[in-house]
Amino acid sequence: MDTLETYRHIVQEVLLAYTKIPYAHGDIQFESIFDRETDRYALLTVGWEGNRRVHGCLMHIDIVQGKLWIQRDGTEQGVTYDLVRAGIPPDHIVLGFHPAGVRPFTAYATA
């Protein structure tokens, strides 16, 4: 399996693991969206909390020029820990939700 296919597989496996975690309250589920043609991956929260509709993006990851761009990470721990543990090198992960000037001060790639 080449690097791109390996990264796709890891991202999908990590996001699928989050769909199995029960939501703490309300009738809310996680839904994963995988677009392998454009290398866009997302995890949504969908459902109801009482009378309030819940629908939002918990995680959004793009693969751009061989690097994983974390566009959104609404988890407590951070999905990057799961990605690194699964075999993605930190220098192949970009924290896209941080401004470019902040990224050099993280343990991850700048772009």
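This table checks each residue for (1) surrounded by 18 or more Cβ atoms within 10 Å (Cβ to Cβ); (2) within 15 Å of A17 (Cβ to Cβ); (3) of a type in the set (K, R).
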site: K67; (1), (2), (3): yes, no, yes
site: I93; (1), (2), (3): yes, no, no
site: P99; (1), (2), (3): no, no, no
site: F105; (1), (2), (3): no, no, no
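Here Y23 meets each of (1) surrounded by 11 or more Cβ atoms within 10 Å (Cβ to Cβ); (2) touching an Asp or Glu at 6+ places or on another chain (Cβ under 7 Å) with one exception, condition (2). Looking at T75, is it in a helix (DSSP H, G or I), in contact with an Asp or Glu (Cβ under 9 Å, 6 or more places away or on another chain) and either acidic (D, E) or touching a residue at least 24 places away in the same chain (Cβ under 8 Å) (or both)? The answer is no for T75.
Among the residues examined, L16 does not qualify as in contact (Cβ under 8 Å) with a residue 24 or more places away in the chain and under 22 Å from R85 (Cβ atoms). Based on this model, can you work out whether G87 counts as surrounded by fewer than 17 Cβ atoms within 10 Å (Cβ to Cβ), without any contact (Cβ under 8 Å) to a residue 60 or more places away in the chain and of a type in the set (G, A, S)? In short, no.
Residues checked against (1) at pLDDT below 95; (2) not charged (D, E, K, R):
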site: I33; (1), (2): no, yes
site: L44; (1), (2): no, yes
site: R53; (1), (2): no, no
site: I70; (1), (2): no, yes
site: A107; (1), (2): yes, yes
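Here's the yes/no breakdown for (1) in a strand (DSSP E or B); (2) surrounded by 13 or more Cβ atoms within 10 Å (Cβ to Cβ); (3) of a type outside the set (F, W, Y); (4) in contact with a Cys (Cβ under 7 Å, 6 or more places away or on another chain):
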position	(1), (2), (3), (4)
I28	yes, yes, yes, no
E31	yes, yes, yes, no
F34	yes, yes, no, no
T38	no, no, yes, no
A42	yes, yes, yes, yes
V46	yes, yes, yes, no
H55	yes, no, yes, no
I61	yes, yes, yes, no
I70	yes, yes, yes, no
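Evaluate the following for T80: is it in contact with a Pro (Cβ under 9 Å, 6 or more places away or on another chain) and without any contact (Cβ under 8 Å) to a residue 60 or more places away in the chain? Yes.
The values are calculated or read from the model by the stated rules, or taken from the named source; none is laboratory data. Given the structure is predicted, the values throughout are model-derived calculations rather than measurements. FYI the Cβ positions are ideal-geometry reconstructions off the backbone, even for glycines, and counts take in every protein chain you see.
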